[in-house]
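Notes to accompany the following structure.
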Amino acid sequence: MSRIGKYPVGIPKGVTVTLNGQEVAVKGPKGELKLTLVDDVTIEQGEPGLTVRPRDDSQRARAMWGLSRTLVENLIIGVTDGFSKTLEINGVGYRAAIQGKNLQLNLGFSHDVLYPIPAGIDIKCAKPTEITVSGIDKQKVGQVAAEIRGYRGPEPYKGKGVKYAGEYIFRKEGKKK
């Protein structure tokens, strides 16, 4: 039995949910998101909120039960509050800046890295060493943050590179004489 899937997803005020077969459309103050659920689960709108149930007792249906409920909950959180990830840049001369519709990264390469900002994502650089990626789609926010981190991930000897805020970097000892 899914421990996550059995709880209903609450619908806050100001959010409208439209169910059309397996498609869930959520509209809120920050925008609108759609999701098509797999055929192994059913979704109903009732008094406590949205309820997701497996169609049968197969292993896949039970696995998709909790996943589908969490995806629907992420839609509702996204259109009400949104999601954000903060990245920190460590290293001498490493910095970031917004340049039009691109994020310009100086990461110790012979050239600057220009990352085009995708639609639906907002990137801010409060400091030259801090990048905040925000948006209403949790998957897209995480993917953009991972792509930016992928240009120069943190290295274990000096800790230089791009890392998530609060991420622990396992440090290694250098050469010994």
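Between the Cα long axis of helix 138-151 and the first principal axis of the chain there is an angle of about 20°, rounded to the nearest 10.
Cross-link partners of Lys13 among lysines, defined as those whose alpha carbon lies under 30 angstrom from its own and excluding same-chain residues fewer than eight positions apart: Lys27, Lys30, Lys34, Lys85, Lys124, Lys138, Lys140. Couplings 3J(HN,Hα) for segment 105-116, derived from phi with the Karplus relation 6.51 cos²θ - 1.76 cosθ + 1.60 (θ = phi - 60°), are 10, 9, 10, x, 7, 6, 9, 7, 9, 9, 9, x Hz, where x marks Gly and Pro.
Straight-line cross-link partners of Lys172 among the lysines, defined as a Cα under 24 Å from its Cα and at least 8 positions apart when in the same chain: Lys158, Lys160, Lys163.
I want the local charge near Gly66. Using Cβ-Cβ distances under 13 Å, sum +1 for each Lys or Arg and -1 for each Asp or Glu among the other residues. Result for the local shell: +4.
How long are the semi-axes of the equivalent ellipsoid of segment 1-72, defined as square roots of 5 times the Cα gyration tensor eigenvalues? Whole Å, largest first. Don't skip to the end; give the middle numbers.
On the way: eigenvalues 94, 32, 19 Å².
With the √(5λ) rule applied to segment 1-72, the semi-axes are 22, 13, 10 Å.
Show me, bin by bin at 10 Å from 0, the whole-percent P(r) of segment 83-164 based on Cα pairs. Spelled out per bin, shortest first, that is 20, 56, 22, 2. Springs join every pair of Cα atoms under 10 Å in this Gaussian network model of the chain, and among Val52, Val38, Val17 the largest mean-square fluctuation is at Val38.
Helix 59-80 and the long axis of the chain differ in direction by around 70°, with both axes built from C-alpha atoms.
None of the figures in this text is laboratory data; all of them are computed from the coordinates on show. The model shown is predicted, which means the values in this text are computed figures rather than measured ones. Methodologically, a virtual Cβ is constructed for each residue, glycine included, from the backbone with ideal geometry; neighbour enumeration extends over all protein chains shown.
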